[in-house]
Structure formats: structure tokens, C-alpha cells
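Report on the structure given below.
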Amino acid sequence: MMGSGLTKEAQNECVFCYENMLPGDRICQLACHPKHKFHEACYDSFSTHFEANGYPFLCPLCRAPVDKSKVTRHVMAKPGAALTAAEENEKAMAYEMSLMNNAKHMGVNDAL
């Protein structure tokens, strides 16, 4: 198999919201394929919806079951300017804190 068959623009598009994933965006990458990436908020919304309704969450591109423990979350770096590990960790921790604060304000227990 020679490549994904998608244009470069389509490879950078979130299949949930159809928006391009831009540098600085929070991204989820699934373990089924390195190019199966989505906006983190889109992924979280859809996976929560599927699970809440008793359906298994499958990759929307290849239909493989998603193992949440193997989902990689990161900030999309600018081309040619990768974030350092410390910068990546700092952004991830700030994001996790904002999720916890939002869940607390909404009265959600054990959201994370």
C-alpha cells in the first residue's frame, strides 16, 4: 500500500468537524494508524456520546475498536518547530487542569 490516498489537506482535517488541525490545536492520535488524528475536543465528545449510549467507539476512518489507554494526546506543533518535552508537558497539564475545573463547575464527578 503506497500512502493513504488522501490529499495533504485531507490528511490534516478532523473527520468529526471537517476543520483543519492547526499548530497549537490539541490532537488525539489513535493507535490503529499514525495518521488517524482528530481534534481532542471532537474525539472526546464523540467517544463520550458512543459510550453513554452503550456503543463501542470505533475509529471513524478504519473502524478498528479504539483502546482509550493507547490514545496519544498532544499539541500539534508548528511545521519545523517542534515543542520541547517541557513545553508539551506544560500545555498538557494546563489543559487537563481546565478540564477538571470545567467538570467541577458542571457538577460532574470523576470526569477524568
Test ALA31 against the stated conditions and say whether it is within 17 Å of THR72 (Cβ to Cβ), surrounded by 12 or more Cβ atoms within 10 Å (Cβ to Cβ), modelled with pLDDT of 95 or more and hydrophobic (A, V, I, L, M, F, W, C). no
Would region 81-90 turn up any residue that is in a loop (DSSP other than H, G, I, E, B) and modelled with pLDDT of 85 or more? no
What about GLY24, is it modelled with pLDDT of 90 or more, out of contact with any Lys or Arg (no Cβ under 6 Å at 6 or more places or on another chain) and either small (Gly, Ala, Ser) or not assigned by TED's automatic domain parsing to the domain that holds PRO65 (or both)? yes
Being in contact with a Cys (Cβ under 8 Å, 6 or more places away or on another chain) and of a type in the set (Ser, Thr, Tyr), is that true of even one residue in region 32-53? yes
Restrict the check to region 49-64 and report whether at least one residue is at pLDDT 70 or above, closer than 22 Å to LYS35 by Cα, in contact with a helix residue (DSSP H, G or I) (Cβ under 6 Å, 6 or more places away or on another chain) and not acidic (Asp, Glu). yes
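The values are calculated or read from the model by the stated rules, or taken from the named source; none is laboratory data. Quick caveat: nothing in here was measured; it's all calculated off a predicted structure. Methodologically, a virtual Cβ is constructed for each residue, glycine included, from the backbone with ideal geometry; neighbour enumeration extends over all protein chains shown.
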